[in-house]
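Engineer: Mind looking over this structure? Questions follow.
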Amino acid sequence: MSEETKKSKEEAQFSEGKFSSGLSRRDFLKGAATGVVGVTIAGAISACENPVEYRDLNDPLTAGSSENKWKFEIPPSAVSDSLIDEAHTVTADIVVIGSGISGLCTAVAAAEEGKDVRLFSAGKAPVSRGGSNFAIGSTYQSKLLKRYNARNEAADKDYPIPVTANDIVEHIQAEQLAGLYAMDKIKWSRWFKWSGKSMDWMINKMYNSSKQLRVCIEPPYPDSDGTLAVPPSTHNFYNSTDSVGGQPFLSGAPLCASAYAEHLEKTSGNPIKYLTKALYLIRGTENKPDGKEGKVTAVIAEELDDGYNGKGIYWKYVAKEAIVLATGDFSRDRDMMARYSPYAYELFKDQIVFDEPGYDMQLDFFNGFNGLMDGQGQKMGLWVGAAWQKVFPNAPMINMAVPGPSHAVIDNFWGLNLNINGKRFHNENTNFGFGAYSKMNQPGGIAYGVWGANYADTQHEWEQSGCVFMNDIVEYDPTFKFPGYFGEPMDPAQPLSPEGIKAQWAAGAQPGIGFDGSPAPAQYATGETWEELIDNAIKMGWTINKTNALASIARYHQYAINKRDEEFQVNPDLLYPLYQNKSVTSGPEKYCGPFYMSRSTPSTFLCVTGGLRTNEYLQVCDANDTPIEGLYNTGTMIGDFFAGAYNFGFPGQNLGGPCLTLSYLLGKELAKGKTWSDQDPSAVSGTAYDPTPQVSATKES
């Protein structure tokens, strides 16, 4: 082809919106705007010899274009062997990619069995989000429940010891049905079987680190209908110096990641290499990113600068036994989200920060629209022949339902819920995962909670910490005080009385201080009558249909009096009347004002789960379900562990299941062989560890 012909062809392709590489004009202009044109043009030129048409998210779908590959399915050009010298070639038994909880847990579990483990990460430090780790049957949980049972006289409050999957089988079935029964139940079985043992192991590691982390357990979800009820099983980690924001579940995971990293470097003798991004895997003997035959033997990586830009310094990590992908989710890749999680993509596509590294993001629980990772591990697996998981679409993590006075750490407000049209829209007795889905289907995704002062009587005591079952933290460390969200320290040993919670609501109806310490508007609207409440909410700028809202409040009030909800069948025990006759001050019809109203914040998108097809031993598989030799993935990446939605029915299931139990098993099995996990869990070596002191289990008033 002459230079003139080649030039005219390229100009024609550009005028049509495509480079021969598959690069669209839209992407070229975007690259120019973000200062990465040099990289973009270089990629286009290197691929000119093998033009590929790919599917563009914004192009119309036709019969022809539907057969094109997505951009994320097209591997990059290979790095020349001449760019990787011996000093930049590392050989180990096991190579782990990613310094989150799952990668670190896998690496520590294998290294303590004597395996030579190397771990590198695109981030600058160990990182993890959240802090809730769901586990059943741990030594710590059993001790806590034993003490709780001894202190409570009501027999119906007793919990089984130890808790096993047999004790929560109804909840397991409910969770699996919520996912259309589509998830891989074999992986769930392995999680339940090894959950307590792996949590004992984790507690040991966390306590015996320089962070000196302690463990607490979140309160249970007290579902009066039983559907969401599960024993207190969510383990959180904290210490007195590093825990921030007043809640261990907001800060525990990063502390755990740091503790794991410390153990790994000490046990393996190898430093973790940060700011190093995996580019592609090598399968077979040729140094190319799209080999489809043989064993996965190595990964090519590039050093990054502090801004996560490539430095042109390349590394080759050779694994004699296994490469473990632990690179997290794919929510920052626009095309992967549109392809594999379209529901979440449509809801959050204008909020997620696509195509920018999120490697070192901590939990942004209250403003979490940014997603997390770019799906690099999933892409690398696809390039060497891995299949995508069988469940479609991938399950996103979405929460933050209707706010209001809380009976559990993760509940939707159980009182009256209204949309902007002033209408009820669901059974309010649910958690903040399911409640978020219900709320997002309302006009504008906005909802309100309404209650009266008598709602304070729904609990004899209102815990201030919100996440500590039986105040065990204070029993262990009496000097520890939670820093409060609004300035004053919170003491979980001193729960609020009904009068105390009323004072909090009254304060919340006044302008205050936000989470960042800046001035904030009132948290609640308030009024002495129903009409005044709605009028004041509208004055605050809240949009709601007043006529419909007053009618809905009146109907709800009557349902509460009758103890029979004719609309959504809420449990009668959760229905509280909203009397507004001020002349009645005693008896069942006493005045229940002032009244309060909360407005929902937008629902939070945390990440999306799953990815590559994965068997129960966490081997990555091809379209025939055949394992790709030498390639594993773990943590959030594990395919088919979740289905439908990550709904928080088991609070901390992702960190407790894929990131702890299954990652722990993977590390041990890489060291000891797959049959190790098939033995009786009671035969596991190691000492169960519980750092809490012995406390007398006497009856308390």
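Taken together, the values in this text are just the output of simple stated rules run on the coordinates, not laboratory data. Only a predicted model underlies this, so the values are computations on that prediction, with no experimental measurement involved. With ideal geometry, Cβ positions are generated from the backbone for all residues, glycine too; neighbour counts draw on all protein chains shown.
Engineer: What ranking of THR227, THR609 emerges when the number of other C-beta atoms within 10 Å of each C-beta is taken as an exposure proxy, fewest first?
Structural biologist: Ascending Cβ contact count within 10 Å gives the list THR227, THR609.
Engineer: Still on this structure, I have one more. Counting other beta carbons within 10 Å of each Cβ, put HIS460, HIS407 in order, fewest first.
Structural biologist: Fewest-to-most ranking of HIS460, HIS407: HIS460, HIS407.
Engineer: Karplus couplings for segment 616-624 from phi (6.51 cos²θ - 1.76 cosθ + 1.60, θ = phi - 60°), rounded to Hz, Gly and Pro as x?
Structural biologist: 5, 8, 6, 6, 6, 10, 8, 5, 9
Engineer: Lys and Arg at +1, Asp and Glu at -1: add these up for the other residues within a Cβ distance under 13 Å of GLU616 and post the number.
Structural biologist: +1
Engineer: Then there's this: Given points 7 Å out from each Cα along the Cα-Cβ axis, report the ASP225 to PHE568 separation in nanometres with one decimal.
Structural biologist: Label-label distance for ASP225 and PHE568, simple model: 1.0 nm.
Engineer: Would you mind pulling out the separation of the Cα centroids of segment 559-614 and segment 401-460, in Å?
Structural biologist: Between the Cα centres of segment 559-614 and segment 401-460 lies a distance of 6 Å.
Engineer: Go through segment 639-649 residue by residue and turn each phi into a ³J(HN,Hα) via Karplus (6.51, -1.76, 1.60, θ = phi - 60°); whole Hz please, and just put x for glycine and proline.
Structural biologist: Result, ordered by residue: x, 6, 6, 10, 9, x, 8, 7, 9, 6, x Hz.
Engineer: For each of TYR437, TYR448, count neighbouring Cβ atoms within 10 Å of the residue's Cβ, then give the residues from fewest to most.
Structural biologist: Least crowded to most crowded, the residues run TYR437, TYR448.
Engineer: Quick one: which residues, 5 or more positions from TRP315 or on another chain, have an amide H under 5 Å from its amide H? H modelled 1.01 Å from N in the peptide plane, none for Pro or chain starts.
Structural biologist: ALA301, GLU302, GLU303
Engineer: For ASN571, list long-range residues whose amide hydrogen, built 1.01 Å from N in the peptide plane, is under 5 Å from its own amide hydrogen.
Structural biologist: Residues meeting the amide H criterion: none.
Engineer: Could you let me know the centre-to-centre spacing of segment 339-362 and segment 269-312, using Cα atoms, in angstrom?
Structural biologist: Going from one Cα centre to the other spans 24 Å.
Engineer: Take the Cα of THR89, step 7 Å along the line toward its Cβ, and report every residue of segment 307-335 whose backbone nitrogen sits under 11 Å from that point.
Structural biologist: 316-318, by backbone N distance to the label point.
Engineer: Of the GluC sites (Glu not before Pro) in segment 151-203, which ones lie in a loop per DSSP and count no more than 14 other C-beta atoms within 10 Å?
Structural biologist: Passing both the DSSP loop test and the Cβ count: GLU153.
Engineer: Let me ask you something else. Skipping prolines and chain starts, which residues have an amide H placed within reach, meaning under 5 Å, of the one on VAL163, given they are 5 or more residues away or on another chain?
Structural biologist: GLY137
Engineer: Shifting gears a bit: So if we plug the beta-carbon distance of SER406 and SER583 into 1/(1 + (r/R0)^6) with R0 = 22 Å, what FRET efficiency do we get, rounded to 0.05?
Structural biologist: 0.10
Engineer: ³J(HN,Hα) across segment 254-259 via Karplus (A = 6.51, B = -1.76, C = 1.60, θ = phi - 60°), whole Hz, x for Gly/Pro?
Structural biologist: x, 5, 5, 4, 5, 5
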